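One structure below.
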Amino acid sequence: MNPRLPYLQRKTAVLTTEPGVYIMKNAQEKIIYIGKAKNLRNRVTSYFRDHPDHTPKTAKMVSQVYDYDFIVTASEYEALVLECSLIKQHKPPYNILLKDDKGYHYIRISPPPYSRITAELQTDAEGTYMGPYMSGFTVRQTVNTVNRLFQLPTCNRVFPAQIGKERPCLNYHIGQCMGVCRGKISAEDYADIVADAVRFIKNGGDHTVTALEKRMQDAAERLDFEEAARLRDRIAAIRAAGEKQDIMDAVTADTDVIGMMRSGEATVISVLIYRGGRLYDQNTFKIPPDTLSEDPLEEFLPQYYSTKSGKDLPRTILLEELPAELSLLTDLLTKQAGHAVSVEKPERGARRRLVLKAKQNAAEKLSLQSGRTGRELQALEELGRLLGLEHPPKRIESYDISNLSSSSMVAGMVVFEDGRPLKSAYRRFSIKEQTGQDDYSAMREVIRRRLEEYFKAKEETDEMKKAVNAFAVLPDLILLDGGKTHVAAIQPILDEMGLSVPLFGMVKNDKHRTRAIATDGGEISVREAQAAFHLLTRIQDEVHRFAITYMKSKHKKSSFALTLTEIPGIGEKKAQKLLLTYKTRAQLKAATPEQLRKTAGVSEETAGKLWALIQELPDT
């Protein structure tokens, strides 16, 4: 609780309702947060209520506020411009501060013979360097393109020392490498190819094609048809690459494509920059976890573009979701650029694929921090958005009922954390209360028991026990193997217990694959192209496998126990006691009649008959 709260509330009560910018300061008068508001009084009041519903980050900032200042503006637009300017000037710790991943990058041509072309951050190693370049993305793209077009080796083999020592790798067989390791390309011919590749980097494709066409004609005139064919193929590859790029010209002329990926507290925003219809550059920004913005992209856009001059601003910006203050943003950018700037959310086609590519770039950068693959992060983000969750679900629990008969009715609970199975948290349930084959009643019993264990764990004082208790943590999402009727049957239990865990069902098609997500009001379709679809399918397959494996195991033990009860004096309880003591048939067969007698608590005669029956049973 901030001791200055009464003072801040009194000050805010008489604040103007005009638009403007507010400036939060700590006790040392250091600016810690700057925000804009359509209505200053309403916005600032939301921070200083007696019982605010703040996020932990906002609560932390408010606890440090000693006083605040404000600037009244003529419009929301003017407040937006002023906010960007003040943030750049003061760099408050709770605002998003844009720091991209730029640095100097170089293209290195290693010394002959058999030079390699690589992307580098330093110029320490021996060789010839081209650069420096500001964009590492452009350098990597250029190096990859050149190595592919000119079929230069990218493996770790050392030439000429390892020529002829090993068979060609996969790159040779798929036409991505000329196969220097075969020993059929001389150092002189290889040097000519590298020289062509360097000219391609310096002068572009058109100039390179013209030079290669002349060399191809000269080779044909001197009847060196093998060399002419090689040059013909290289020209065709360069032209094909140019034609493929030209397809995107109309779609990406002077366009920025922005994608965002979040995982827990970490956020990465990727900007793909297309100019003249071609991918020109990429910027990546890591948003610090302490920033207050619930929608980082909303704060990112005006700050990022406020640093650009008019000539650097695109004509089109493509996003996955449009910002709430779209008109303000487009007005700001249009005035700054001197030409119309359109901010769009493509729903389908080539532009939609570009937005997904930007998200993939952000996911891959984020995966370096999180230890998860970009695809896993993308699947969780898609799933959270598909289900309308505030954040991607970090912990997912899924349940399935399996039975052959009412006596073998069981349930399985699997846990996925950050998109991967957490097998240490898997749990099995024997259905105790349900006597008939009623999946809905069985699922209600399982969910109720699981949640009751959660409340028991909350009261546990031993932190060590809590740490290993799979029930001590509530999931971010519960998935049931079933449709909307399953969801409708379980939702009242969550409501009764006062829990707001998102609950959905997984609906299968006739091929036992996930086709939709069920809510208590209907279904949400899941396209197979989505990464979320593959995650859901994996979860549904895993929970089904886990539940049915337990059911088969239990049914097998139940059948075995019934066999033991054929001996007079051995009832179900004594049979179960024997199976709990001797876990496997091998252990049971190794037991002596005396051991069986003590375990089951029967007479020597009954123990002898029991031992004889056990010896006649098959080993499996």
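The values are calculated or read from the model by the stated rules, or taken from the named source; none is laboratory data. This structure is a prediction, so every number in the text was calculated from the model and none was measured. Note that we place each Cβ from the backbone using ideal geometry, even for glycine, and neighbour counts take in every protein chain shown.
Summary table below
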{"read-out": "Failed condition for Gly338, given (1) without any contact (Cβ under 8 Å) to a residue 40 or more places away in the chain; (2) buried (at least 21 other Cβ atoms within 10 Å of the Cβ)", "value": "(2)"}
{"read-out": "Out of Arg395, Arg351, Arg372, sole residue that is in contact with an Asp or Glu (Cβ under 6 Å, 6 or more places away or on another chain), more than 30 Å from Arg449 (Cα to Cα) and touching a residue at least 60 places away in the same chain (Cβ under 8 Å)", "value": "Arg372"}
{"read-out": "Filter result (over 30 Å from Lys60 (Cβ atoms) and among the small types (Gly, Ala, Ser)) within region 266-311", "value": "Gly276, Gly277, Ser309, Gly310"}
{"read-out": "Test: residue in region 512-519 that is assigned to a helix (DSSP H, G or I) and either over 30 Å from Ala363 (Cβ atoms) or at pLDDT 80 or above (or both)", "value": "no"}
{"read-out": "Those residues of region 281-315 which are under 14 Å from Lys335 (Cα atoms), modelled with pLDDT of 85 or more and crowded, with 18+ Cβ neighbours inside 10 Å, in sequence order", "value": "Pro302, Tyr305, Leu313, Pro314"}
{"read-out": "Region 46-63, residues that are crowded, with 17+ Cβ neighbours inside 10 Å and either in contact with a Gly (Cβ under 6 Å, 6 or more places away or on another chain) or not aromatic (Phe, Trp, Tyr) (or both)", "value": "Thr58, Met61, Val62"}
{"read-out": "Qualifying residue in region 278-293 (condition: under 30 Å from His54 (Cα atoms) and either in a helix (DSSP H, G or I) or assigned by TED's automatic domain parsing to the domain that holds Ala59 (or both))", "value": "no"}
{"read-out": "Condition met for Ser85 (modelled with pLDDT under 85 and within 29 Å of the chain's Cα centre (by Cα))", "value": "no"}
{"read-out": "Boolean, Gly183 is surrounded by fewer than 16 Cβ atoms within 10 Å (Cβ to Cβ), at positive phi and either within 37 Å of the chain's Cα centre (by Cα) or hydrophobic (A, V, I, L, M, F, W, C) (or both)", "value": "no"}
{"read-out": "Failed item, numbered, when Arg315 is tested on (1) among the charged types (D, E, K, R); (2) in contact (Cβ under 8 Å) with a residue 40 or more places away in the chain; (3) under 21 Å from Lys57 (Cβ atoms)", "value": "(3)"}
{"read-out": "Pairs, first modelled with pLDDT under 85 in region 50-63, second among the acidic types (Asp, Glu), C-beta under 6 Å, six or more apart", "value": "none"}
{"read-out": "Gln360 being modelled with pLDDT under 90, out of contact with any Cys (no Cβ under 8 Å at 6 or more places or on another chain), more than 30 Å from Ala379 (Cβ to Cβ) and not basic (Lys, Arg)", "value": "no"}
{"read-out": "Helices (runs of 4 or more DSSP H) contained entirely in region 1-100, each with at least 2 residues that are in contact with a strand residue (DSSP E or B) (Cβ under 7 Å, 6 or more places away or on another chain) and within 27 Å of Glu390 (Cβ to Cβ)", "value": "40-45, 76-90"}
{"read-out": "Selection status of Leu86, surrounded by fewer than 20 Cβ atoms within 10 Å (Cβ to Cβ), among the aliphatic types (A, V, I, L, M) and either closer than 21 Å to Ile287 by Cα or touching a Gly at 6+ places or on another chain (Cβ under 6 Å) (or both)", "value": "yes"}
{"read-out": "For Lys456: the one exception among (1) at pLDDT 85 or above; (2) closer than 24 Å to Leu380 by Cβ", "value": "(2)"}
{"read-out": "Qualifying residue in region 316-326 (condition: among the polar types (S, T, N, Q), modelled with pLDDT of 90 or more and out of contact with any Leu (no Cβ under 8 Å at 6 or more places or on another chain))", "value": "yes"}
{"read-out": "Count - residues of region 342-357 that are surrounded by 13 or more Cβ atoms within 10 Å (Cβ to Cβ) and not in a helix (DSSP H, G or I)", "value": "5"}
{"read-out": "Failed criterion for Gly498 (all others in (1) modelled with pLDDT of 85 or more; (2) buried (at least 16 other Cβ atoms within 10 Å of the Cβ); (3) more than 23 Å from the chain's Cα centre (by Cα) hold)", "value": "(2)"}
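Rundown of residues vs (1) touching a Gly at 6+ places or on another chain (Cβ under 8 Å); (2) of a type outside the set (Ser, Thr, Tyr); (3) modelled with pLDDT of 90 or more; (4) exposed (fewer than 13 other Cβ atoms within 10 Å of the Cβ), yes/no style:
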| position | (1), (2), (3), (4) |
| --- | --- |
| Lys99 | no, yes, no, yes |
| Tyr114 | no, no, yes, no |
| Leu121 | yes, yes, no, yes |
| Leu149 | no, yes, no, no |
| Pro168 | yes, yes, no, no |
